[in-house]
Amino acid sequence: MTELADYRKFYIDGAWVEPAQASDLEVIDPSNEEPFAVISLGAQADTDRAVAAAKAAFPAWAATPPAERLAHVERILKIYQKRSNDIGDAITSEMGAPTSMSREDQAGSGSFHIETFVDEFRKFEFIRPLGDHAPTSMVAWEPIGVVGLITPWNWPMNQVTLKVIPALLAGNTVVLKPSEIAPISSMVFAEVIDEAGLPKGVFNLVNGDGAGVGTQLSTHPDVDMISFTGSTRAGIAITKAAADSVKKVALELGGKGANIVFADADDKAVKRGARHCFYNSGQSCNAPTRMLVERSAYEAAIETAREVAEKTAVASAHDEGAHIGPVVSKQQWDKIQGLIQAGIDEGARLVAGGPGLPEGVNRGYFVRPTVFADVTPDMTIATQEIFGPVLSIIPFDTEEEALEIANDTIYGLTNYVQTQDGKRRNRLARALKSGMVETNGVGRGRGAAFGGVKASGRAREGGVWGIEEFMDSKQISGWDADAE
């Protein structure tokens, strides 16, 4: 057996340290079901040590001039870009994103977010006038304190950089707990931070699971804020755990995005939507997993989606090329298989894919790209977040019906609209109950915030909103502008 890469240490107070007690966890490569690395799960003593380091470092870091904090982050960006392929390769091994996609999109998202935060921070006003009507009233933006960051496995660096970078720029100190399923890219990120030379205690990393370090951070009296990305179930538990200490909680949770396709949509709309659903093996909270199609275009859309599914190759994440890899774990694979079977049992029409491993595969957590038609809004596959490459197609007759179906969900992260009618696009964009609406395949602009409503949580990550998320606003009257 190949020797496992040893990542048992934690990064606390500017140094790599041994865990307080041995608690090894093997990290599994989902392409071959083999362990490739080992980490430690932290105990209360490790969490306490990291929080104490962050608390001690906070006063000096908060008082550091913003330009100096920005210079630190610019160094982080340069080193991150140098290590980008290492980070991408770690993501390939830990969660199964194919090599090309891991390096370009997964690791690349980190560079993108750091660059965007740098641009936004240069323009950030820490003290702003309330308005012309109140010339001596000011709004001051100040760091919150020690921030606990709990990140998921599906887009590791996307979420780590969306939290760590704005928190540091804002003047907070942080303790990061990455997903124990996909922690290795975060360990490389900690190496980046170490090389960048941040002051001791400003950034800390403790591995652990949700029940352990996650709960310890959520309940810790010296943690002033928790920022969490993950399942709605876990987000609810974190909110309850954090209540006793009245800390700020920012949640970015699940989704069940509707993609409303009208008969006048462009000829690539269905293909674009199906590919987006299967992208990252369906493991994205903003995936358009419910395709609502106007009746007159319905059967043609089903055929197009079937073709996309059948042409979507599934292969090892370690192979080069434009294919999808496995899902992250056996637990996730079992859940997806159960939901695919539920679709069949509840009477949806299986158009492509289905249960079981793809043809020619005998190991790895691979899922067949699956399309269901004739799905009704009350079916399990139309209501539950599957987090796999499974598309549910639902017909509609009127705009009002489409809107009703789209909004009939506990979630509210991203919805999608495909139509050439500009007035209808605008109308639906305002009426859909979600934090984001994307239309006709046009991505949200650089600096736009990511976040939802309802059971998708109400965090706003990215851009200036992502910096303000990690700050408190203070309202000041009687400000003497001449004294500045």
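The values are calculated or read from the model by the stated rules, or taken from the named source; none is laboratory data. This structure is a prediction, so every number in the text was calculated from the model and none was measured. We place every Cβ from the backbone using ideal geometry, glycine too, and count neighbours over all the protein chains shown.
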When the range 229-266 is examined, which residues are found to be buried (at least 23 other Cβ atoms within 10 Å of the Cβ), small (Gly, Ala, Ser) and part of a strand (DSSP E or B)? Ala258
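Is it true that Glu120 is more than 16 Å from the chain's Cα centre (by Cα) and touching a residue at least 24 places away in the same chain (Cβ under 8 Å)?
Yes.
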Quick one: Gly422 ticks every box in (1) in contact (Cβ under 8 Å) with a residue 24 or more places away in the chain; (2) over 25 Å from Glu310 (Cα atoms); (3) in the same structural domain as Ser281 (by TED's automatic domain parsing); (4) among the small types (Gly, Ala, Ser) bar one, so which box is it? (1)
Phe372 fails exactly one of the following numbered conditions: (1) under 22 Å from Asn407 (Cβ atoms); (2) free of Cβ contacts under 8 Å to residues at least 24 places away in the same chain. What is the number of that condition? (2)
Scan (1) closer than 21 Å to Gly257 by Cα; (2) at pLDDT below 95 for the single condition Val361 breaks and write down its number. (1)
Taking the options Ile39, Ile91, name whichever one is β-branched (Val, Ile, Thr) and either in a helix (DSSP H, G or I) or at pLDDT below 95 (or both). Ile91
Within the range 271-323, count every residue that is more than 21 Å from Gly364 (Cβ to Cβ) and among the hydroxyl-bearing types (Ser, Thr, Tyr). 4
I need a count of the residues in the range 142-161 that are crowded, with 24+ Cβ neighbours inside 10 Å, touching a Lys or Arg at 6+ places or on another chain (Cβ under 9 Å) and not in a loop (DSSP other than H, G, I, E, B). 5
All but one of (1) assigned to a helix (DSSP H, G or I); (2) buried (at least 22 other Cβ atoms within 10 Å of the Cβ); (3) outside the structural domain of Gly235 (by TED's automatic domain parsing); (4) not hydrophobic (A, V, I, L, M, F, W, C) hold for Asp482; state the number of the condition that does not hold. (2)
If I filter the range 316-334 for residues that are within 28 Å of Met95 (Cβ to Cβ), without any contact (Cβ under 8 Å) to a residue 12 or more places away in the chain, out of contact with any Pro (no Cβ under 8 Å at 6 or more places or on another chain) and in a helix (DSSP H, G or I), do I get at least one hit? yes
Does Val164 satisfy the criteria of being buried (at least 24 other Cβ atoms within 10 Å of the Cβ), assigned to a helix (DSSP H, G or I), assigned by TED's automatic domain parsing to the domain that holds Ala242 and free of Cβ contacts under 8 Å to residues at least 60 places away in the same chain? yes
Selection from the range 17-43 of residues within 23 Å of Gln216 (Cβ to Cβ), without any contact (Cβ under 8 Å) to a residue 60 or more places away in the chain and surrounded by 15 or more Cβ atoms within 10 Å (Cβ to Cβ) yields Val17, Pro19, Ala20, Ser23, Val38
Would you tally the residues in the range 338-350 being surrounded by 15 or more Cβ atoms within 10 Å (Cβ to Cβ) and either touching a residue at least 24 places away in the same chain (Cβ under 8 Å) or in the same structural domain as Ala97 (by TED's automatic domain parsing) (or both)? 6
Residue among Asp378, Asp397 that alone is more than 28 Å from Thr232 (Cα to Cα), among the charged types (D, E, K, R) and modelled with pLDDT of 95 or more: Asp397
Just to verify a result, which residue in the range 437-472, among those that are outside the structural domain of Ala274 (by TED's automatic domain parsing), assigned to a strand (DSSP E or B) and in contact with a Phe, Trp or Tyr (Cβ under 6 Å, 6 or more places away or on another chain), is farthest from Thr409 (Cα to Cα)? Met471
Members of the range 335-360 that are out of contact with any strand residue (DSSP E or B) (no Cβ under 8 Å at 6 or more places or on another chain) and in a loop (DSSP other than H, G, I, E, B): Glu346, Gly347, Pro355, Gly356, Leu357, Glu359, Gly360
